[in-house]
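Student: Mind having a look at this structure? Questions to follow.
The values are calculated or read from the model by the stated rules, or taken from the named source; none is laboratory data. Treat the numbers as computed from the prediction; the structure is a model and nothing was measured. Counting neighbours? That spans all protein chains shown, and the Cβs are built from the backbone with ideal geometry, glycine included. Areas reflect the complete protein model, heavy atoms only, side chains present, ligands, DNA and RNA absent. Shrake-Rupley method; radii C 1.70, N 1.55, O 1.52, S 1.80 Å.
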Amino acid sequence: MCGIAGELRFDDTVADVRAVLAMTEAQSRRGPDSEGVFAIGPRCFGHRRLSIMDLSRRAHQPFVDNALGLGVVFNGAIYNHHALREELAAQGYAFSSTGDTEVILKAWHAWGPRALERFHGMFAFALWERDSGMTYLARDRLGIKPLYYTLDGERLRFASALPALLAAGGVDTGIDPVALHHYLSFHAVVPAPHTMLRGVRKLPPGHWMAVHPDGRCEQQPWWRLDFTRTAEDEGRSFGEWQEMVLRALRRAVERRLVADVPVGVLLSGGLDSSLITGLLAEAGTRDLRTYSIGFEAVDREPGDEFKYSDLIARHYGTVHEKILVPGHELLRSLPDAIEAMAEPMVSHDCVAFYLLSQAVSRHSRVVQSGQGADEVFGGYHWYPPLAQLPDADRSVDAYRQVFFDRDHAEMGTLLQPQWVTEDHSLRFVSRHFAQPGAESAIDRALRLDTTVMLVDDPVKRVDNMTMAFGLEARVPFLDHELVELAARIPARHKVAEGGKHVLKEAARAVIPAAVIDRPKGYFPVPALKYLRGDFLEFVRGTLDSEAARRRGLFRPEALARMFEAPDSHITRLGGSKLWQAALLEAWLQGHGL
């Protein structure tokens with residue numbers, strides 16, 4: 001797990017090594033163990049390393065193979081690299097290291113872009129060919145690892161984090177109105193290729209991009225999630241699906257044990273992280289470390305789920321650490337957590353993951369986490385109504401009614417007129433729902449949430465907050481074989497009994513029923529939902545600052561209404577609309593914009 005960066009010039013000049021060094025330095029927290037830079041004429045590549053596989057210098061990056069004429073900088077983890085190494089060795093390839101980086105390079109030489117289909121893992125990388133001048137950028141199927149870039153007629157720059165591109169300079173930092181609409185309407189999800197800044201784009205998940213020496217760029221999708229089912233799938237019994245899910249999840253958890261350092265668990269106390277803990281214990285993991293975090297209650301809304309995380313920790317005898325964060329420390333950490341965001345992320349639990357990661361990084365370098373189960377197995381409350389919708393043609397409006405924070409009309413009352421153009425969010429959902437491969441409303445929603453919302457909300461949140469402390473988070477529920485299996489399961493088996501039904505029943509063979517049958521919980525940070533005292537003043541100071549007034553995003557009268565009664569302005573999904581506005585402005589100001 002690392003941070004990557006680079007510059008490719010198209011104007012017959014040499015690459016700016018200082019710009020690449022600025023980008024790698026800006027990502028030093030992603031890779032605290034070592035730094036490397038490699039330049040070859042118009043191309044320069046940088047890397048910050050977090051040593052997880054092959055801790056020796058042999059796996060140092062940028063990794064260059066002079067015999068093959070290839071080089072690579074890579075962020076992520078390839079869990080099946082041992083098996084791929086054996087296959088490639090049988091074809092005559094020799095290896096100088098024991099990690100996964102060199103496997104990527106030689107797999108590409110052997111199979112070209114088809115190598116991507118062989119990788120089990122999370123990854124974003126840049127791979128270059130010395131002789132042809134070609135460079136290839138690639139991102140994993142579900143976007144677990146990020147890849148941002150800027151592109152104009154003279155150069156392309158890329159990095160693992162958007163702020164790293166800002167550190168190199170020369171970025172158009174104007175607000176992207178499409179991204180702004182998504183952020184304020186589509187529950188703060190800004191789908192690729194957009195980011196909040198006009199000059200920065202992100203490579204979509206499951207895509208690779210070929211960059212020619214003359215600046216031509218070609219993007220290709222290499223993976224899509226398909227919800228079509230065979231007659232055998234439709235006829236398979238619930239019990240069979242249950243067994244198949246548990247078998248696939250067990251394999252996914254075991255795959256993510258591949259490391260040269262111990263692997264722990266972020267244990268919230270919910271079904272998903274508890275099940276991961278149980279499967280790791282079942283696999284014989286010794287001295288398994290688990291971590292939980294909690295916050296002060298507000299208006300009797302609890303701020304922790306220690307009751308359930310304690311139960312699991314005792315049941316499996318883990319080395320367990322609980323972190324209880326007082327309100328003043330939460331407020332003090334807010335600016336640092338916002339600075340760690342590659343993009344503005346409104347979810348209350350960003351700061352929770354930030355503080356949890358800070359504590360966990362003192363003892364562990366790798367953890368498994370439960371993100372993705374709700375999207376993959378239908379755990380959210382908005383899925384059952386969609387499953388009952390008889391007319392798939394009404395699915396777009398039904399999804400908007402349950403998921404969007406604002407409709408387009410409300411957007412017009414919040415934003416200054418120059419920022420209100422088209423209903424970009426509704427148009428995006430309509431286009432996505434119209435794609436082939438998902439026929440019912442519920443399958444369309446699950447596909448969208450798994451391949452878009454999940455990528456640019458929970459997964460991005462975990463990557464940003466854990467990597468702020470050089471901590472690698474692995475997400476077994478996003479094992480692509482498990483995700484593809486879940487897509488084939490008829491929706492009725494997923495959304496029954498309040499959601500995640502097939503997963504819950506599979507889990508009964510592993511973890512205590514008290515965790516499975518508990519009410520659904522979320523990572524609670526009530527102080528950012530019910531703004532009071534110093535938290536409300538933080539928001540007021542941010543939105544009333546000179547920088548915010550000069551930027552002119554929001555109508556003053558709209559902000560005044562929200563400040564009069566903050567608790568009355570809550571989104572359908574339980575978030576504070578006032579905090580949403582403040583977080584965006586705080587992110588922009590925190591990055592000097």
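Student: If one computes the Cα centroid of segment 206-229 and of segment 1-45, what distance in Å separates the two points?
Tutor: Centre-to-centre distance over Cα atoms comes out at 23 Å.
Student: Also: Accessible area per residue for segment 1-110 in Å², computed with a 1.4 Å probe and the full protein assembly in place, what is it?
Tutor: 37
Student: Can you compute the helix-only [θ] at 222 nm over the chain? Use -39500 (n - 2.57) per DSSP H run of at least 4 residues, normalise by all residues, nearest 500 deg cm²/dmol.
Tutor: Helices in the chain give a 222 nm mean residue ellipticity of -11500 deg cm²/dmol.
Student: Here's another thing I want to ask about it. Which shape class, rounded, prolate or oblate, goes with segment 469-593 when its Cα gyration tensor gives a ≥ b ≥ c as root eigenvalues, a/c under 1.5 marks rounded, and past that a/b bigger than b/c marks prolate? List each step's numbers first, then the result.
Tutor: Values: a/c = 2.69, a/b = 2.16, b/c = 1.24.
It comes out prolate by the Cα gyration axes.
Student: Can you give the longest stretch of the chain with no exposed loop site, where a site means GluC sites (Glu not before Pro) in a DSSP loop (not H, G, I, E or B) with at most 13 other C-beta atoms within 10 Å? Intermediate results must be reported in sequence, preceding the final value.
Tutor: Numbers: sites that count: GLU154, GLU422, GLU439.
That gives 155-421 as the longest site-free run.
Student: Another question, then. Hey, got the dipole for segment 284-417? About the Cα centre, +1 on K and R Cβ, -1 on D and E Cβ, debye to the nearest 20? Walk me through the numbers on the way to the answer.
Tutor: On the way: 12 positive and 21 negative charges, 139 e Å.
Around 660 debye, computed over segment 284-417.
Student: On the protein heavy atoms, probe 1.4 angstrom, tell me the percent of accessible surface of the chain carried by carbon and sulfur.
Tutor: Of the solvent-accessible surface of the chain, carbon and sulfur hold 49 percent.
Student: Going down the table (LYS202/LYS307; LYS106/LYS202; LYS145/LYS322; LYS504/LYS577; LYS202/LYS494), which pairs top 30 Å between alpha carbons? The partial results should precede the final answer.
Tutor: On the way: LYS202/LYS307 40 Å; LYS106/LYS202 26 Å; LYS145/LYS322 28 Å; LYS504/LYS577 33 Å; LYS202/LYS494 32 Å.
Pairs exceeding 30 Å: LYS202/LYS307; LYS504/LYS577; LYS202/LYS494.
Student: Fully extended, how many nm does the chain gain between ARG251 and LYS307 (0.36 nm per residue separation, minus their Cα-Cα distance)?
Tutor: Working: separation 56, 0.36 × 56 = 20.16 nm, distance 2.86 nm.
Fully extending the segment from ARG251 to LYS307 adds 17.3 nm.
Student: Same structure again: Name the chymotrypsin sites (Phe, Trp or Tyr not before Pro) in segment 322-388 that are in a loop by DSSP and that have at most 10 other C-beta atoms within 10 Å, would you?
Tutor: none
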